[in-house]
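What follows is a short report on a single structure.
What follows is calculated from the coordinates using simple rules that are stated; it is not laboratory data. In this text the structure is predicted, and so the values were computed from the model without any measurement. Please note: Cβ atoms are built from the backbone with ideal geometry, for glycine as well, and neighbour counts cover all protein chains shown.
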Amino acid sequence: MRELAAGCTKHGWDFVVAGDGKSPTDFALEGCRFLSLDAQRASGFSLGVTCPERTYARKNIGYLAAIREGATVIVETDDDNHPKSDFWNPRMPHVACRPIVTNGWVNAYRYFSEHFIYPRGLPLNHARDDVPMAGDFDTYECPIQQGLADNDPDVDAVYRMLFPLPFNFEIAHDPVLLRDGSWCPFNSQNTTFFRDAFPLLYLPTHCSFRMTDIWRSFVAQRVLQVNGAGILFHGPTVWQERNEHDLHRDFTDELPGYTNNAEMRRELMELSLVSGDSIQTMMEQCYEALMRRGWVGREEEILLQSWFADLRHLSAMH
């Protein structure tokens with residue numbers, strides 16, 4: 001976090017950290033704007049009051065705080081990621097990349113390594129699938145961009161228990177853009193969102209901690225596909241020195257993903273979303289489907305509406 005704070009200060013970035021119940025009450029770091037639980041409750045955001053404690057989804061309040069300060073791009077990471085030098089390169093919504101157009105799951109990590117690896121959230125029966133050939137190099141608008149992580153990439157507990165780490169991606173492949181029916185989970189470790197995609201930052205609370213960012217990524221992909229966009233994957237710009245984890249507990253927390261992710265994709269793909277509708281309307285339809293199937297708790301509805309109310313308030317301010 002000291003490296004991130006120093007880099008943000010040097011490059012003129014606003015560095016926002018959302019605290020939680022485990023955060024030190026006296027946390028202070030030069031170059032960092034820390035939001036304690038008390039500060040979040042007093043923020044004026046509905047979500048600052050309604051969001052439960054001890055949940056990864058308190059990051060949502062950090063996103064809102066950044067938007068209130070006028071952010072037009074949000075780069076998210078976690079406290080165990082070290083930035084590489086190119087992490088600080090300017091983020092642009094239009095990127096020269098190669099499109100992936102297919103119908104089904106794509107292991108995007110395979111474009112950046114010849115060795116066996118797959119992202120957390122990819123159905124295990126697709127982990128060894130051959131990847132489709134990337135299309136011709138061109139420039140596309142990419143409102144959400146997933147960067148990879150070296151050393152300890154974002155893989156699931158099964159991979160961590162069975163395959164060796166550390167792992168570094170060794171192929172300097174062009175960025176790839178997953179479009180149309182191409183699906184790959186993306187995470188919250190090294191991810192860029194541009195303003196038009198800010199509503200899609202929302203992390204659900206009433207689901208497994210290990211699935212909140214993965215299921216967010218499924219909703220985001222479905223919404224972007226309706227609008228003719230997709231998810232960009234690019235090479236590693238961070239390396240992770242992972243915090244201590246109980247791998248068996250991680251495995252247990254990931255079980256809802258192992259058992260439901262493929263069905264969740266099918267459910268979302270069957271929704272009749274309309275391209276002219278707002279992102280809010282499409283997200284509400286997606287989360288209604290997830291709640292109806294019991295993958296996300298019905299209590300999520302009040303949090304989702306708090307998120308949209310806060311975004312509307314911020315939009316009125318700007």
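Overall form of the stretch 2-317: rounded. Here a/c, set by the Cα gyration tensor axes a ≥ b ≥ c, is under 1.5.
In the chain, the sites counted are trypsin sites (Lys or Arg not before Pro) in DSSP loop states with at most 12 other Cβ atoms within 10 Å, and the longest stretch holding none of them, exclusive of the sites, is 129-292. Antiparallel as a % of all DSSP beta bridges within the chain, to the nearest 5? Close to 55 percent.
What residue among Leu124, Leu304, Leu247 has the largest mean-square fluctuation in a Gaussian network model of the chain, using Cα springs under 10 Å? Result for the chain, Cα springs under 10 Å: Leu247 fluctuates most.
Take the Cβ-Cβ distance between Ser113 and Ser275 as r, set R0 to 45 Å, and report the resulting FRET efficiency rounded to the nearest 0.05. Write out the running numbers ahead of the final one.
Numbers: r = 35 Å, r/R0 = 0.78.
Between Ser113 and Ser275 the formula returns 0.80.
As a proxy for reagent exposure, Leu303, Leu47 were ordered by neighbouring Cβ count within 10 angstrom, fewest first; the result is Leu303, Leu47.
Where is the GNM fluctuation largest for the chain (alpha-carbon springs, 10 angstrom cutoff): Ser275, Ser306, Ser217? Checking each option, the largest mean-square fluctuation is seen for Ser275.
By the count of neighbouring beta-carbon atoms within 10 Å, fewest first, Asp86, Asp154, Asp250, Asp130 end up ordered Asp130, Asp86, Asp250, Asp154. Largest GNM mean-square fluctuation among Asp80, Asp277, Asp253, using the chain with Cα springs under 10 Å: Asp277. Here the relative contact order of the chain, from alpha carbon pairs under 8 Å that lie six or more residues apart, stands at 21 percent.
Going by how many other Cβ atoms sit within 10 Å of their own, how do Thr77, Thr139 line up, fewest first? Could the numbers behind the result be given before it?
Numbers: Thr77 20, Thr139 10.
Taking fewest neighbouring Cβ atoms as first place, the list is Thr139, Thr77.
Stretching Ser23 away from Ala96 to a fully extended chain increases their span by 22.3 nm, per 0.36 nm per residue minus the current alpha-carbon distance.
Multiplying the sequence separation of Leu255 and Glu53 by 0.36 nm and subtracting their Cα-Cα distance, what value in nm do you get? Extending this stretch completely gives an extra 70.4 nm.
Distance from the C-alpha centroid of the stretch 136-206 to that of the stretch 48-76: 20 Å, rounded to the whole angstrom. Where in the chain is the longest stretch that carries no GluC sites (Glu not before Pro) classed as loop by DSSP and with at most 14 other Cβ atoms within 10 Å? Between exposed loop sites, the widest span is 171-240. Taking a straight line from the alpha carbon of Lys84, these lysines sit under 16 Å away, with near neighbours fewer than eight places off in the same chain left out: Lys10.
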